[in-house]
Structures are given as C-alpha cells and as structure tokens.
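Asks: Got a structure for you, questions after.
The values are calculated or read from the model by the stated rules, or taken from the named source; none is laboratory data. Please read these numbers as outputs of a predicted model, since none were measured by experiment. Positions of Cβ are generated from backbone atoms using ideal geometry, with glycine treated the same way; all protein chains shown enter the neighbour counts. For accessibility, only protein heavy atoms count, side chains too; no ligands or nucleic acids. Shrake-Rupley method; radii C 1.70, N 1.55, O 1.52, S 1.80 Å.
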Amino acid sequence: MSNFKSLLIWQKSMALTTKIYFSTNNFPKEEIFGLTSQIRRSSISIPSNIAEGYGRESDKDFLRFLTISVGSLFEMQTQLEIAKNISFLKEQDFNNLYEDSREVERMLVSFIKKIKDRN
C-alpha cells in the first residue's frame, strides 16, 4: 500500500462522512452546535484516525487508532439513532446511513483482526 488513501476502509469511511454531512444539512439550525456537530465530529473521527494510525510506526499504534475509529463509529451510530428517534432523519435516510456504517464497522473489525493475526 502506498498511503492511507489506498485503504478501502478509509475510502468507505470518507464516503460515509460525506453522506453524513449532506444528511445533517437539514437538521434544525438550533442543533448546529448540538446533535449536528456531534454526528459530524464522530463521523470525521473515523477516517481521520485510520489515516493517523496508518502513519504511525508500528502495528500496535495502528491498532490503537483503528480501535478509536470503531469507538467513533459506535458513537455516530448512536447519534444517528437519536436523530431518527426525534425525527431529524427520515427512516429511509437513517436506514441507508446505518447500513453504510455497518459495512464500515465490519470492515474495521476484519482489518483489526487481520493486523492482530499477522503479529
């Protein structure tokens, strides 16, 4: 791999983050510093930590950052559930985002296992 951008998991998480931004554009303006900001920050954290971990010098460090990405993903999934529950997200929009997030989750867990197994 030449750099972190070549990682499919990074590419998928970047696509998810982009979708999150578009989906939260219609949230109430009074939520810009609340739920909108929280969802966006947690989604940004996913590819950011993948990239940062990739740049570290050891698998141990990379695994730590991948684990942080998983935590951010779970945080974002929870926030999406809240947004759906309070009708900020339509059911279909939630389902699409959630399924995309589950794909990233499965990829992250698999990638973490692969790195652990080679050590």
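Asks: State yes or no: is Ser45 closer than 19 Å to Ala15 by Cβ and among the hydroxyl-bearing types (Ser, Thr, Tyr)?
Replies: Yes, satisfied.
Asks: Could you grab the pairs with beta carbons closer than 6 Å, sequence gap of 6+ or different chains, first residue in region 40-53 and farther than 15 Å from Lys5 by Cα and touching a residue at least 40 places away in the same chain (Cβ under 8 Å), second one in a helix (DSSP H, G or I) and of a type in the set (Val, Ile, Thr)?
Replies: Going by the 6 Å Cβ cut-off, there are no qualifying pairs.
Asks: For region 72-86, state whether one or more residues are open to solvent by 10 Å² or more (accessible area, probe 1.4 Å), in contact with a Phe, Trp or Tyr (Cβ under 9 Å, 6 or more places away or on another chain), basic (Lys, Arg) and part of a helix (DSSP H, G or I).
Replies: Yes, region 72-86 contains at least one residue that is open to solvent by 10 Å² or more (accessible area, probe 1.4 Å), in contact with a Phe, Trp or Tyr (Cβ under 9 Å, 6 or more places away or on another chain), basic (Lys, Arg) and part of a helix (DSSP H, G or I).
Asks: Taking the residues in region 16-66 that are of a type in the set (Val, Ile, Thr), more than 21 Å from Val109 (Cβ to Cβ) and part of a helix (DSSP H, G or I) as candidates, determine which candidate is most open to solvent (accessible area, probe 1.4 Å).
Replies: Selected residue: Thr18.
Asks: Do the conditions hold for Leu35, that is, is it modelled with pLDDT of 95 or more and either among the charged types (D, E, K, R) or within 16 Å of Ser13 (Cα to Cα) (or both)?
Replies: Considered against the rule, which asks whether it is modelled with pLDDT of 95 or more and either among the charged types (D, E, K, R) or within 16 Å of Ser13 (Cα to Cα) (or both), Leu35 comes out as no.
Asks: Also: For region 87-99, give me each residue that is surrounded by fewer than 17 Cβ atoms within 10 Å (Cβ to Cβ) and either touching a residue at least 60 places away in the same chain (Cβ under 8 Å) or under 10 Å from the mean Cα position of the chain (by Cα) (or both).
Replies: Within region 87-99, Asn96 is the sole residue that qualifies.
Asks: Within region 3-15, take every residue that is in contact (Cβ under 8 Å) with a residue 24 or more places away in the chain and among the small types (Gly, Ala, Ser) and give me the one that is least open to solvent (accessible area, probe 1.4 Å).
Replies: By that ranking, first place goes to Ser13.
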